[in-house]
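Any read-out appearing in this document is the output of simple, stated calculations on the displayed coordinates, not a laboratory observation. Since we're looking at a predicted model, the values are computed, not measured. Positions of Cβ are generated from backbone atoms using ideal geometry, with glycine treated the same way; all protein chains shown enter the neighbour counts.
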Amino acid sequence: MLGFLYDAGATSASIVFGTLQVITSFLRTTKPGWNSWQNWISLISGLWFVLFPFIYSLKDGVIWSNIILGLMTVLFSLWSLNSKSKLKAVS
């Protein structure tokens with residue numbers, strides 16, 4: 001499914017960072033802004049997915065899918081970091 005089962009290190013790193021990305025994405029849905037550690041973890045994991053194919057010397061198809069999805073993650077993380085919370089406290 002991942003397309004690089006020939007490299008156990010790449011597979012393990014992809015699973016770990018992918019799981020981290022999913023968990024922090026769920027945790028940050030109500031916590032936008034620069035003070036949210038979840039946004040920073042998401043940004044770092046997005047940058048990791050951009051660099052990941054070059055570190056592990058992956059093949060062409062896997063390279064582009066990682067770069068595109070990593071850049072999308074970085075852009076959405078930066079968008080979330082720059083947004084302000086629109087949730088109002090109920091009193």
Legend entry - Separation of the W64 and W40 label points, Cα + 7 Å toward Cβ, nm: 3.6
Inset, instruction - Sticking with the crude label model, points 7 Å out along Cα→Cβ, report the distance from V16 to S83 in nm, one decimal please. - result: 3.0
